[in-house]
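Below is one structure; the comments refer to it alone.
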Amino acid sequence: MLCGRWRRCRRPPEEPPVAAQVAAPVALPSPPTPSDGGTKRPGLRALKKMGLTEDEDVRAMLLGSRLRKIRSRTWHKERLYRLQEDGLSVWFQRRIPRAPSQHIFFVQHIEAVREGHQSEGLRRFGGAFAPARCLTIAFKGRRKNLDLAAPTAEEAQRWVRGLTKLRARLDAMSQRERLDSTHTWIHSYLHRADSNQDSKMSFKEIKSLLRMVNVDMNDMYAYLLFKECDHSNNDRLEGAEIEEFLRRLLKRPELEEIFHQYSGEDRVLSAPELLEFLEDQGEEGATLARAQQLIQTYELNETAKQHELMTLDGFMMYLLSPEGAALDTTHTCVFQDMNQPLAHYFISSSHNTYLTDSQIGGPSSTEAYIRAFAQGCRCVELDCWEGPGGEPVIYHGHTLTSKILFRDVVQAVREHAFTLSPYPVILSLENHCGLEQQAAMARHLRTILGDMLVTQALDSPNPEELPSPEQLKGRVLVKGKKLPAARSEDGRALSDRSEDGRALSDREEEEEDDDEEEEEEAETAAQRRLAKQISPELSALVVYCHATRLRTLHPAPDAPQPCQVSSLSERKAKKLIREAGNSFVRHNARQLTRVYPLGLRMNSANYSPQEMWNSGCQLVALNFQTPGYEMDLNAGRFLVNGQCGYVLKPACLRQPDSTFDPEDPGPPRTTLSIQVLTAQQLPKLNAEKPHSIVDPLVRVEIHGVPADCARQETDYVLNNGFNPHWGQTLQFQLRAPELALVRFVVEDYDATSPNDFVGQFTLPLSSLKQGYRHIHLLSKDGASLSPATLFIQIRIQRP
């Protein structure tokens, strides 16, 4: 823990002369030379640092291409696409000009670049163009795919190769290169603020620059800073004067204060002094060798590095790196035991996976499955209905949602289910088909998935516990109704009936009490008769996930049934948690439970998944297409363990004789203190309005058992989204810290209307590191808002 009184390790007397050589901060990149376009072309420096200025594909993208954008069978419009000189964004033409921010997309927001007819749109509408001429750019979040056809196959390949190189280079950028990209970012605004493009900045242009970067500085202070940098005294800044102004603008006084309290008068950190800082941070494995390694990794000055010293710039590099972030980097890979039964894990799960919008009239798409898999989802839903030509279709029944073929979805599963995670995928079937089309479903599953599909038990046909994620790597499980052992004499499938003789269908909405139904029964009488029957071909594929109705939470006297999976509406699950919390926890220690949103959520809104996780429910299904705090929590829960979609539940939720009750977790066991210090380079919410500056505040939310749920926020800072300062401490008492998620939210304060969302980041408390840390903010869709960060100090006190 960091203490109030700071200690120092003194350096041997022979070292000060060396320290004097490196005490001065490392200079910002020098002003652009005419050879790379001068200040008018700031972005080329970014491409130079990426080593891509001479790359033929990138050079062709800089010149631009006329590509056909394909949206339907008849809508094929030619548009100009051109890589910007920053190497980070692509400008594109629109039929009707819009605001500048609506004419670009960023390379970091690209999820994948696919060649040929590898999207639903191109498979349906791209037949007029040879696959070799086509490409698809898939984006993170809710942005639709960009399906394109180039004039030639070579031009299409240039864009595929070029974007792939840019994405790879962006991912591989060193911390120093990332800092330089921040400088490039502000240089690009400098270029825009230079209204007459003379490479000189008047005070009026400097004020314009400040508004662009989200700071409304007092005119007197801004002018004083301007004049301090105007060494030529001609009311213009140019060359080194501009660099000095930017250096002062990017200054981090709070980091300097921390640095100087450890470094002392010589203004550099020795390895022992850096070790002291690491120990005060609460870093595990803090050793002198570790401190020396950090100096070699993050120090920018070669002279300092040779003498095992760290300057302020190197210190800043370290704190801005993933190792200086709030998320424990050892938790970003698979670090948990993956050999326990499936019931011992939270499993990332999607509801109505096929939808890209609302469940009333939104389109269905195989792309929605691909996006879910790209977000680590391991349980997807297939809502299956009778289709024409003997081919089952998937859509939200009795609504205006569009239909897609079942076999196309299964093909998407084969191609994309294991691109991010090797651990098993569960196909949750909601079956409304007759026997014939159920047999077609079984045939498609077997022929398309092949050996991926689990068709028989790995060991005993009646296991005492489910297999582990490790045992099922690369495999696909089917969740659905299964025929009872008894069959009619002529071999036909018997109706699947409960013990009291009632027919069972695969509709999620069935519950024991009809009064609890949230959706009206919409099937026709004929469809209901079809749904009562289970095809033996499809039943045979249900091995470990038998869909059954949850009748009681009390253990039956006979052997446990680990292969039974119950599906509950959010209302039913909440009722069980409220009325039988500990019994539900014990049930979920042995069997899988799937929870889904109420049918009344017509706009595909979500519920809080935290309540269900508190009781050990594994398959907490959410509408992945609907952003909001609920999906932020889901992303935060599955952010760790390599984002593989499986997170080991706390021990209290895995023990069959657990005494844990989320409604009564006991007294507080942990104190969490968060001092919100500063923020850096928050995004403008309205980039087209120069005078629109955010008034940021920070809210910290705890999501856990009901007794732990809390939120506190700072005051707002007026007109400063660039480098606001708070210095406020927020404190929380926690009773079940092993279940808690911490959500950091930045909002733009508004006195007369609800605050506007700026950015957020969510992670498990168990993965939160102590000490001074940066929070790297994300957008509503989960995309990076780099370089936007929060700087905080975290203290966690345990008994």
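Brief remarks on what is shown
So that you can scan it fast, the table gives a plain yes or no per residue for (1) at pLDDT 95 or above; (2) outside any loop (DSSP other than H, G, I, E, B); (3) of a type in the set (Lys, Arg); (4) surrounded by fewer than 19 Cβ atoms within 10 Å (Cβ to Cβ):
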{"residue": "Met317", "(1), (2), (3), (4)": "no, yes, no, no"}
{"residue": "Ala343", "(1), (2), (3), (4)": "yes, yes, no, no"}
{"residue": "Ser358", "(1), (2), (3), (4)": "no, no, no, no"}
{"residue": "Gly362", "(1), (2), (3), (4)": "no, no, no, no"}
{"residue": "Glu367", "(1), (2), (3), (4)": "no, yes, no, no"}
{"residue": "Phe373", "(1), (2), (3), (4)": "yes, yes, no, no"}
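- Those strands (runs of 3 or more DSSP E) of the stretch 652-716 in which at least 1 residues are without any contact (Cβ under 8 Å) to a residue 60 or more places away in the chain, considering only elements entirely within it, cover 696-703, 710-713.
- Taken together, the residues in the stretch 685-720 that are of a type outside the set (Gly, Ala, Ser), at pLDDT below 95 and open to solvent by 40 Å² or more (accessible area, probe 1.4 Å) amount to 8.
- Test for Phe744: is it modelled with pLDDT under 95 and either open to solvent by less than 20 Å² (accessible area, probe 1.4 Å) or touching a Leu at 6+ places or on another chain (Cβ under 7 Å) (or both): no
- Of the set (1) more than 36 Å from the chain's Cα centre (by Cα); (2) more than 26 Å from Ile796 (Cα to Cα), all apply to Glu299 but (1).
- Some residue of the stretch 622-635 being in contact with a His (Cβ under 9 Å, 6 or more places away or on another chain), farther than 19 Å from Cys563 by Cα and aliphatic (A, V, I, L, M): yes
- Restricting attention to the stretch 444-484, the residues that are of a type in the set (Val, Ile, Thr) and either touching a Lys or Arg at 6+ places or on another chain (Cβ under 6 Å) or open to solvent by 60 Å² or more (accessible area, probe 1.4 Å) (or both) total 3.
- Some residue of the stretch 295-308 being among the hydrophobic types (A, V, I, L, M, F, W, C) and either without any contact (Cβ under 8 Å) to a residue 12 or more places away in the chain or part of a helix (DSSP H, G or I) (or both): yes
- Of all residues in the stretch 108-120 being touching a strand residue (DSSP E or B) at 6+ places or on another chain (Cβ under 7 Å) and touching a residue at least 60 places away in the same chain (Cβ under 8 Å), the one that is nearest to Ser364 (Cα to Cα): Ser119
- Taken over the stretch 637-649, the criterion of being open to solvent by less than 20 Å² (accessible area, probe 1.4 Å), part of a loop (DSSP other than H, G, I, E, B) and out of contact with any Lys or Arg (no Cβ under 6 Å at 6 or more places or on another chain) is satisfied by Phe638, Val640, Cys644, Lys649.
- Residue check: Leu400 meets all listed conditions (1) open to solvent by 10 Å² or more (accessible area, probe 1.4 Å); (2) in contact with a Leu (Cβ under 9 Å, 6 or more places away or on another chain); (3) without any contact (Cβ under 8 Å) to a residue 60 or more places away in the chain but one, namely (2).
- Some residue of the stretch 281-294 being more than 21 Å from Lys769 (Cβ to Cβ) and at pLDDT below 90: no
- Any hit, the stretch 395-405, residues being farther than 19 Å from Val478 by Cα and assigned to a helix (DSSP H, G or I): no
- Scanning the stretch 229-260 for residues that are of a type in the set (Lys, Arg) and closer than 13 Å to Phe203 by Cβ yields one hit, Arg236.
- In the stretch 779-786 there is no residue matching the filter, namely being under 13 Å from Arg743 (Cβ atoms) and in a strand (DSSP E or B).
- Lone qualifier among Gly51, Gly64 - being at pLDDT 90 or above and either on the phi > 0 side of the Ramachandran plot or touching a Pro at 6+ places or on another chain (Cβ under 6 Å) (or both): Gly64
- Taking the stretch 620-636 as the range and being open to solvent by less than 10 Å² (accessible area, probe 1.4 Å) and under 17 Å from Ser421 (Cα atoms) as the test, the residues that pass are Asn634, Gly636.
- Ser608 fulfils the conditions (1) under 23 Å from Asp708 (Cβ atoms); (2) part of a helix (DSSP H, G or I); (3) of a type outside the set (Asp, Glu) except for a single criterion, (2).
- Search result, residues across the stretch 423-462 that are among the hydroxyl-bearing types (Ser, Thr, Tyr) and not in a strand (DSSP E or B): Tyr423, Thr447, Thr455, Ser460
For every residue, the table says whether it meets (1) under 29 Å from Gly362 (Cβ atoms); (2) surrounded by fewer than 20 Cβ atoms within 10 Å (Cβ to Cβ); (3) not assigned by the TED database to the domain that holds Arg73.
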| position | (1), (2), (3) |
| --- | --- |
| Ala128 | yes, yes, no |
| Pro131 | yes, yes, no |
| Cys134 | yes, no, no |
| Phe139 | yes, yes, no |
| Ala149 | yes, no, no |
| Thr152 | no, yes, no |
| Gln157 | no, yes, no |
| Gly162 | no, no, no |
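- Filter pass, Glu284 being in contact with a Ser or Thr (Cβ under 9 Å, 6 or more places away or on another chain), free of Cβ contacts under 8 Å to residues at least 24 places away in the same chain and open to solvent by 10 Å² or more (accessible area, probe 1.4 Å): yes
- Within the stretch 71-97, the residues that satisfy the criterion of being farther than 29 Å from Arg169 by Cβ and either under 30 Å from the mean Cα position of the chain (by Cα) or in a loop (DSSP other than H, G, I, E, B) (or both) are Arg71, Ser72, Arg73, Thr74, Trp75, Arg95, Ile96, Pro97.
- Residue match in the stretch 111-124 (condition: farther than 22 Å from Ala168 by Cβ and in a strand (DSSP E or B)): no
- Any hit, the stretch 785-795, residues being small (Gly, Ala, Ser) and modelled with pLDDT of 95 or more: no
- Among the residues making up the stretch 71-99, a single one is open to solvent by 70 Å² or more (accessible area, probe 1.4 Å), touching a residue at least 40 places away in the same chain (Cβ under 8 Å) and out of contact with any strand residue (DSSP E or B) (no Cβ under 9 Å at 6 or more places or on another chain): Arg73.
The values are calculated or read from the model by the stated rules, or taken from the named source; none is laboratory data. Just so you know, these numbers come straight off a predicted model, no measurement behind them. With ideal geometry, Cβ positions are generated from the backbone for all residues, glycine too; neighbour counts draw on all protein chains shown. These area figures cover heavy atoms from the full protein model, side chains too; ligands, DNA and RNA do not enter into them. Shrake-Rupley method; radii C 1.70, N 1.55, O 1.52, S 1.80 Å.
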